[in-house]
Amino acid sequence: MDKQTILQVYETMLTIRKFEEKALHLFEENKLRGSVHLSIGQEAVAAVVGAYLRDKDYITSTHRGHGHAIAKGARPDKAMAELMGRETGYCGGRGGSMHIADVEKGNLGANAIVGGGIPHANGAALSAQLRGTDQVAVSFFGDGAANEGIFHETLNIASIWKLPVIFICENNQYGMTTAVDSVTSVKDIAVRAAGYDMPGEVVDGNDVFAMEKAVKKAIKRAQDGEGPTLIEAKTYRWKGHWTGDPEVYRTRDEVEEWKTKCPIKRLEKHMQDKKILSLEQIEATHTKIDKLIDEAEEFALSSPDPDPATVLDNVYYEGDK
Amino acid sequence: MDIAAYDPLNETPYQILDAQGKVILDHWEQSLSDSELIEAFKNMLFVRQFDTMAISYQRQGRMYTYPPNLGQEALSVASGSVLQKTDWMVPSVREMGAWYMKGVSLKELFLYYRGHEIAQRFEQANRIMPITVPIASQIPHAAGVGYGIKFHGEKAVVLTFIGDGGTSEGDFHEALNFAAVWKVPLITVIQNNHYAISLPVHKQTASKTLAAKSLSYGMPGIRVDGNDYIAMHEVLSGSIDYARQGNGPVLIEALTYRRGAHTTSDDPKKYRTQEEEQEWEPKDPVNRLRSFLVHKNIWNPDEEAELIEGYRKEIDTQFLEAEQYPPHSLDDVFAYMFSELPPELEAQKQEYQDYLNATAQEPQK
């Protein structure tokens, strides 16, 4: 990973982290209603994928999708406005936390239905294949989704048709409250690739360089017309499944242990060791991102709610206006 | 045989007999007795008569749509014969031999293909579920039955069937995952007959074998020559032992070929060549087992004509009985889902009854 990309990945991870910490804070202050699913602790996966995709490449995302959106180029202010249901948000405030779509940047949308976004990535990849472009599509999904029928149907077709698609399973150890090993018959979800004759790789999802290697390889394979790849990124979500999760299904020790594997701290240490950034520069980056997120908060809070008269807009296609 | 020792990615199927009915393994001991093999051959012959005659009845307009079994008799008869009375079978649509071996009567089958829902009670047979037409929907049922067996602490197993096309369905994935997580005694037999209606298996999946799907669930998987009765029997017995001992599920891919049409409403000429059909002819399961028995000097093929004559009479008698059965009534359509009909369905039933009454009074044009 060249220095410029390292810095980009770092800033993206920091933006995701601080964006989500802010979202949680706003939720706790009752300024952000509904719920938010936070990916704190998992930032490396989204940030690295985002760094190696171009705007014209596609992603489909999940209920835990703030990180994917930001890594793919979403602006924190418009994203925060969407979380708060404001008119200035990415979907005019209609989508909220779980449905950010940013088509200009290739984000075809988050999807709250478990596994729901997986086949959409296939469709985008098929479109690229039919149009003869070098675009690739990436689908993010969780360990729970890997047990859904749609996972199986999508990977099967992707491999038969050699679609330029990359399946990224963020194995954060829990499908909501359910430990992955209590509902999954194999230790590594990546082995499922064998059933479709595609490569499958287990990656430390908290290690940006391990992610880099796997993602680059998968993108090359997709662009060379060789077909899909399944990447299983082992990671961990520090927060509950959602903001109201009492977390009775895991121990505090387990959470604390994973916090020692923080992807951001790991990269900060690496950058200091390799003299890419000094401690002062790291602190300055924090300050810069803090400011960005404060502005996003301010933008969202000062944005208007959608006009009730427009409630039926965007439900049906009404022709190009 | 140690079923867990096989490599699911191995494209060469487990096989005992070649196309001429000769044993191809160097060290092989016959585990079935001669009389058991003769019995198996007779059953395959019987199933083939049933199949041929069922197609005729359908063509005569005396039966509805029927899925021919021609060429797939070895795997179905073997599957039915390895099960004990207390074991469960969850059918798909094209393994009549297995149902027959489980005790399903021909009369019930004919009734079923004449549209009588009640026939699927399979009253003579123990522990068999109804025939399942929606692709792969039976696999979650089978996993559930397997869980039930485990829950009740029984020593039984459950055996289910699916086609090559069914392996691409989400239900297949969800069911096998849970079967493996819960280590239920489930044996899933994939009848890879090379076509899902008109779609050839190489367009169905990119994996080298369908047995390879087992890798996704961490269960043993094996590809076997499904037209080789003896190989099929060995693999099934090994799988059932494995499952019965509490080791969990097994996936079997039985290679075979649907020599007939998908159903009586299908014309395979539209999607496959005659050359291909001819290629599979010598691999026919009935001929193969017959050759083996003849080589062993324990079967005289000259006796077959008389045997077949007797089979055809028996089959025809049962068909005539089914044909004499009173026509299905309107009640039948509503009868087998709810013990007490919900008001919406009650209203539908009344509406349809009124329609029937009204049309009955209309003069014929």
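Of all residues in region B:159-173 being among the β-branched types (Val, Ile, Thr) and within 14 Å of the chain's Cα centre (by Cα), which is farthest from B:Ala136 (Cα to Cα)?
Step one: filter region B:159-173 for residues among the β-branched types (Val, Ile, Thr), giving B:160, B:162, B:167.
Cutting the leftovers down to within 14 Å of the chain's Cα centre (by Cα) gives us B:160, B:162.
Numbers: B:Thr160: 10, B:Ile162: 6 Å.
Residue satisfying both the conditions and the ranking: B:Thr160.
Please enumerate the residues belonging to region B:94-110 that are in a loop (DSSP other than H, G, I, E, B) and closer than 13 Å to B:Ala54 by Cβ. Break it down stepwise before answering.
Taking region B:94-110 as the starting set, the residues that turn out to be in a loop (DSSP other than H, G, I, E, B) are B:94-95, B:103-105.
Residue satisfying the conditions is B:Arg94 alone.
Checking the conditions here, which among A:Trp238, A:Trp242 is among the hydrophobic types (A, V, I, L, M, F, W, C) and at pLDDT below 95? Give the steps one after another, and end with the answer.
On the way: A:Trp238 fails: at pLDDT below 95.
Going through A:Trp238, A:Trp242 in turn, the sole match is A:Trp242.
The rows are residues; the columns are (1) in a strand (DSSP E or B); (2) at pLDDT 95 or above; (3) assigned by TED's automatic domain parsing to the domain that holds B:Leu83; (4) over 29 Å from B:Gln30 (Cβ atoms).
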site	(1), (2), (3), (4)
B:His202	no, yes, yes, yes
B:Ser214	no, yes, yes, no
B:Leu236	no, yes, yes, no
B:Ser239	no, yes, yes, no
B:Leu251	yes, yes, yes, no
B:Tyr257	no, yes, yes, no
B:Asp266	no, yes, yes, yes
B:Lys269	no, yes, yes, yes
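So, of the residues in region B:289-322 that are in a helix (DSSP H, G or I) and of a type in the set (S, T, N, Q), which turns out to be most open to solvent (accessible area, probe 1.4 Å)? Step through it out loud before you land on a result.
So the first thing to find is which residues in region B:289-322 are in a helix (DSSP H, G or I), and the list is B:289-295, B:301-322.
Now narrow it down to the ones that are of a type in the set (S, T, N, Q): B:291, B:317-318.
Numbers: B:Ser291: 37, B:Thr317: 74, B:Gln318: 44 Å².
Filtering first and then ranking leaves B:Thr317.
What number of residues within region A:128-160 satisfy the criterion of being in a helix (DSSP H, G or I), more than 14 Å from chain B (Cβ to nearest Cβ) and open to solvent by 40 Å² or more (accessible area, probe 1.4 Å)? Walk me through it before giving the result.
Filtering region A:128-160 for residues in a helix (DSSP H, G or I) gives A:128-131, A:145-147, A:149-160.
If we keep only those that are more than 14 Å from chain B (Cβ to nearest Cβ) too, we end up with A:128-131.
The next check asks that each one be open to solvent by 40 Å² or more (accessible area, probe 1.4 Å); those that pass are A:129-131.
Here the count works out to 3.
Does A:Asp204 satisfy the criteria of being surrounded by fewer than 21 Cβ atoms within 10 Å (Cβ to Cβ) and more than 14 Å from chain B (Cβ to nearest Cβ)? Don't jump to the end; show me each part of the working.
Details: surrounded by fewer than 21 Cβ atoms within 10 Å (Cβ to Cβ): yes; more than 14 Å from chain B (Cβ to nearest Cβ): yes.
Yes.
Scanning region B:111-142 for residues that are in a loop (DSSP other than H, G, I, E, B) and of a type in the set (D, E, K, R), which turns out surrounded by the fewest Cβ atoms within 10 Å (Cβ to Cβ)?
Here the residue is B:Glu123.
Right, B:Asp171: crowded, with 21+ Cβ neighbours inside 10 Å, more than 19 Å from B:Gly226 (Cβ to Cβ) and within 14 Å of chain A (Cβ to nearest Cβ) or not? Quick ask: steps written out before the conclusion?
Numbers: crowded, with 21+ Cβ neighbours inside 10 Å: yes; more than 19 Å from B:Gly226 (Cβ to Cβ): yes; within 14 Å of chain A (Cβ to nearest Cβ): yes.
In short, yes.
Hey, among the residues in region B:338-365 that are touching a helix residue (DSSP H, G or I) at 6+ places or on another chain (Cβ under 8 Å) and not in a helix (DSSP H, G or I), which one's surrounded by the fewest Cβ atoms within 10 Å (Cβ to Cβ)?
For region B:338-365, the residue satisfying everything is B:Phe338.
Quick check, is B:Leu199 at the interface with another protein chain (Cβ under 9 Å from one of its Cβ atoms) and open to solvent by 10 Å² or more (accessible area, probe 1.4 Å)? I'd like the intermediate steps shown before the answer.
Details: at the interface with another protein chain (Cβ under 9 Å from one of its Cβ atoms): no; open to solvent by 10 Å² or more (accessible area, probe 1.4 Å): yes.
Criteria not met by B:Leu199.
Filter region A:268-321 down to the residues that are small (Gly, Ala, Ser) and either at pLDDT below 95 or open to solvent by 50 Å² or more (accessible area, probe 1.4 Å) (or both) and list them by number.
Quick first cut of region A:268-321, residues small (Gly, Ala, Ser) only: A:278, A:284, A:296, A:300, A:302-303, A:309, A:319.
The answer is A:Ala284, A:Ser302, A:Ala309, A:Gly319.
Which residues, taken from region A:133-157, are farther than 17 Å from B:Ser168 by Cα, under 19 Å from the mean Cα position of the chain (by Cα) and not β-branched (Val, Ile, Thr)? Reasoning before the result, please.
In the first step, residues of region A:133-157 are kept if they are farther than 17 Å from B:Ser168 by Cα; the result is A:133-144.
Checking which are under 19 Å from the mean Cα position of the chain (by Cα) leaves us with A:135-144.
Result: A:Gln135, A:Ala137, A:Ser139, A:Phe140, A:Phe141, A:Gly142, A:Asp143, A:Gly144.
State which residue is nearest to A:Gly195 (Cα to Cα) when the search covers only region B:238-277 and only residues that are open to solvent by 40 Å² or more (accessible area, probe 1.4 Å) and among the hydroxyl-bearing types (Ser, Thr, Tyr). So that I can check it myself, show each step before the final result.
Here is the first cut: in region B:238-277, the residues open to solvent by 40 Å² or more (accessible area, probe 1.4 Å) are B:241-242, B:244-247, B:259, B:262, B:265, B:267, B:269-271, B:273-277.
With among the hydroxyl-bearing types (Ser, Thr, Tyr) added as a condition, the list becomes B:242, B:265, B:271, B:273.
Numbers: B:Tyr242: 22, B:Ser265: 33, B:Tyr271: 26, B:Thr273: 29 Å.
Residue satisfying both the conditions and the ranking: B:Tyr242.
For region B:214-235, give me the residue count where each residue is touching an Asp or Glu at 6+ places or on another chain (Cβ under 6 Å), of a type in the set (A, V, I, L, M, F, W, C) and within 14 Å of chain A (Cβ to nearest Cβ). Lay out the reasoning, then the answer.
As a first pass, look at region B:214-235 and keep what is touching an Asp or Glu at 6+ places or on another chain (Cβ under 6 Å): B:223, B:231.
From the residues that got through so far, the ones that are of a type in the set (A, V, I, L, M, F, W, C) too are B:231.
Remaining after also requiring within 14 Å of chain A (Cβ to nearest Cβ): none.
Residues meeting the conditions: 0.
Check A:Ala190, A:Ala194 and return the single one that is buried (at least 20 other Cβ atoms within 10 Å of the Cβ), free of Cβ contacts under 8 Å to residues at least 60 places away in the same chain and more than 10 Å from chain B (Cβ to nearest Cβ). If you could, list the steps in order and put the result at the bottom.
On the way: A:Ala194 fails: more than 10 Å from chain B (Cβ to nearest Cβ).
On inspection, the qualifying residue turns out to be A:Ala190.
Out of curiosity, is B:Tyr100 under 17 Å from B:Gln72 (Cβ atoms), open to solvent by 20 Å² or more (accessible area, probe 1.4 Å) and not aliphatic (A, V, I, L, M)?
Working: under 17 Å from B:Gln72 (Cβ atoms): yes; open to solvent by 20 Å² or more (accessible area, probe 1.4 Å): yes; not aliphatic (A, V, I, L, M): yes.
Yes, satisfied.
Looking at region B:1-52 only, could you name the residues that are hydroxyl-bearing (Ser, Thr, Tyr), in contact (Cβ under 8 Å) with a residue 40 or more places away in the chain and part of a loop (DSSP other than H, G, I, E, B)? Let's see the steps before the verdict.
Residues of region B:1-52 that are hydroxyl-bearing (Ser, Thr, Tyr), as a first pass: B:6, B:12, B:14, B:31, B:33, B:35, B:52.
Next cut, in contact (Cβ under 8 Å) with a residue 40 or more places away in the chain only: B:6, B:12, B:14, B:31.
Across region B:1-52, the qualifying residues are B:Tyr6, B:Thr12, B:Ser31.
Would you mind stating whether A:Asp253 is open to solvent by 60 Å² or more (accessible area, probe 1.4 Å) and either touching a Lys or Arg at 6+ places or on another chain (Cβ under 9 Å) or not in a helix (DSSP H, G or I) (or both)?
Values: open to solvent by 60 Å² or more (accessible area, probe 1.4 Å): yes; either touching a Lys or Arg at 6+ places or on another chain (Cβ under 9 Å) or not in a helix (DSSP H, G or I) (or both): no.
For A:Asp253, the condition - open to solvent by 60 Å² or more (accessible area, probe 1.4 Å) and either touching a Lys or Arg at 6+ places or on another chain (Cβ under 9 Å) or not in a helix (DSSP H, G or I) (or both) - is not met.
Do you know which of the residues in region A:80-121 that are acidic (Asp, Glu) and in contact (Cβ under 8 Å) with a residue 40 or more places away in the chain is surrounded by the fewest Cβ atoms within 10 Å (Cβ to Cβ)? If you could, list the steps in order and put the result at the bottom.
Step one: list which residues in region A:80-121 are acidic (Asp, Glu), which gives A:82, A:87, A:102, A:104.
Within this subset, residues satisfying the condition of being in contact (Cβ under 8 Å) with a residue 40 or more places away in the chain are A:87, A:104.
Values: A:Glu87: 14, A:Glu104: 10.
Taking the candidates together, the pick is A:Glu104.
The values are calculated or read from the model by the stated rules, or taken from the named source; none is laboratory data. What you see is a predicted model, and the numbers here were worked out from it, not measured in a lab. Using ideal geometry, Cβ is built from the backbone for each residue, glycine included, and neighbour counts are taken over all protein chains shown. When the accessible area is computed, the model is the full protein with side chains, heavy atoms only, and any ligands, DNA or RNA have been set aside. Shrake-Rupley method; radii C 1.70, N 1.55, O 1.52, S 1.80 Å.
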